[in-house]
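One structure is given here, and the rest of the page talks about it.
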Amino acid sequence: MKSNAKRALIFIGLSLFVFVFGLVYHSFSHGVISSDMANAWIPVAAAALVYTIIWLIFPKLAKRPYYRLTVNLLNAATAWQSLGMIVKAVIEIAGSSSPYLVAYQWAAWIFYSLSTISLGLWFTKSKSAQ
């Protein structure tokens, strides 16, 4: 199986897991709901969509330089964003708050930015090709 197809399937499975986790957590939260917990699966599903698009439309991008870096940065950004949403939801459902929760979103946006920058490196020529 191609690497992007495998990643897409893994991320689809992870998004389903996070969705079910949110449903189960809400069922034990005594009627308190959090939109962050309900939407925590969306970043993971978006990453699955990105990998599916790359797999179907641009299958040869996996052979580009810096591809692995881009994939790892996108995975890190997705993990930070999803984890931040889950932690924020757990704290909200518990009836508390924390000023440090914004660090998860900052980390996610930093990794998304770095992933976008490394995506631009795909189209640069390496010195060995000259």
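Just so you know, all these numbers are worked out from the coordinates, no wet-lab data involved. Fair warning: this is a prediction, and the values are worked out from it, not measured in the lab. Glycine also receives a Cβ, built like all others from the backbone with ideal geometry; neighbour counts cover every protein chain displayed.
Estimated from helical segments only, the mean residue ellipticity of the chain at 222 nm is -24500 deg cm²/dmol, where each DSSP H run of four or more residues counts as -39500 (n - 2.57).
Stretching the chain fully between Leu83 and Ser98 yields a gain of 3.9 nm (0.36 nm per residue, less the alpha carbon separation). Within segment 1-58, the chymotrypsin sites (Phe, Trp or Tyr not before Pro) that combine a DSSP coil assignment with at most 11 other C-beta atoms in a 10 angstrom radius are Phe28. Taking the C-alpha atoms only, the angle from helix 3-27 to the longest principal axis of the chain is near 10 degrees. Scalar couplings 3J(HN,Hα) for segment 46-52, obtained by applying the Karplus form with A = 6.51, B = -1.76, C = 1.60 to θ = phi - 60°, are 5, 5, 4, 5, 4, 5, 5 Hz; x denotes Gly and Pro.
The structure-derived value of volume of the Cα convex hull per residue in Å³ appears in the list (i) 105; (ii) 92; (iii) 139 under the label (ii). In this rough spin-label picture, where each label sits 7 Å from Cα along the Cβ direction, the Val90-Trp122 distance is 3.4 nm. Taking segment 49-130 as the region of interest, the number of lysine pairs whose Cα atoms are within less than 26 Å, with members eight or more places apart or on different chains, is 4.
Computed extension length for Ile53-Ser29: 5.0 nm, one decimal, from 0.36 nm per residue of separation with the Cα-Cα distance subtracted. Candidates Leu56, Val24, Ile110 compared by Cα position along the dipole of the chain: farthest toward the positive end lies Leu56, with charges placed on Cβ.
Compared with the alpha-carbon gap, the fully stretched path from Ala46 to Ala5 is longer by 13.3 nm at 0.36 nm per residue.
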